[in-house]
């Protein structure tokens, strides 16, 4: 039928009107030209690699600011989660130990302290826990209903002083947490 000199390629015999690269007509039959000395591989040139790396670099440069904001927002959310966990801990420990717990926010807004109170309302400083906020975050007591107005109390009966707390960041974002009734827990009211 046809004479193929490259044993790895099988090409059907074309019609007389067709032609394709590498084929030549010799004495009425078609022969396929082949190159045994060079096998051609497609590779990337240095210019193509540099262009791809530049595109990746530009893409990362454009998305980096959003990643930075995401990580800062994560610190704020983590601080709010820590505050919620501290209030839940205070509620459970208050009921378990039959003691009133007091949560006091430091005047500089950089930390808050959870302290068990004895029946005569004196505090045990050795049993208190201090929670410090990460840099660039502050905590503020916005509103307290009842109590002494400067702290949040958790009683052994399960009641909590209704209050609102704001955890704010230097870059302007804040989260507000609220306990709206004496039998509620602190939940997020406003998030960035």
Query raised in the report: So, in segment 148-180, of the ones that are over 32 Å from the mean Cα position of the chain (by Cα) and loosely packed, with under 14 Cβ neighbours inside 10 Å, which residue ends up nearest to residue 106 (Cα to Cα)?
Result: 150
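Here is a yes/no grid of residues against (1) part of a loop (DSSP other than H, G, I, E, B); (2) modelled with pLDDT under 90:
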position	(1), (2)
142	no, yes
148	yes, yes
167	no, no
172	yes, yes
Requested in this report: Could you please let me know if residue 114 is modelled with pLDDT of 90 or more, in contact with a strand residue (DSSP E or B) (Cβ under 7 Å, 6 or more places away or on another chain) and more than 18 Å from residue 186 (Cα to Cα)?
Outcome: no
Report summary line: When residue 183 is run through (1) part of a loop (DSSP other than H, G, I, E, B); (2) in contact (Cβ under 8 Å) with a residue 40 or more places away in the chain, the failure sits at (2)
Report summary line: Residues of segment 129-147 being without any contact (Cβ under 8 Å) to a residue 40 or more places away in the chain and surrounded by 15 or more Cβ atoms within 10 Å (Cβ to Cβ), in sequence order, are 138, 141, 144
**Report entry** Residues of segment 76-109 that turn out to be outside any helix (DSSP H, G or I) and surrounded by 15 or more Cβ atoms within 10 Å (Cβ to Cβ), as a count
**Finding:** 9
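The values are calculated or read from the model by the stated rules, or taken from the named source; none is laboratory data. This structure is a prediction, so every number in the text was calculated from the model and none was measured. Cβ coordinates were reconstructed from backbone atoms using ideal geometry, including for glycine residues, and neighbour counts include every protein chain displayed.
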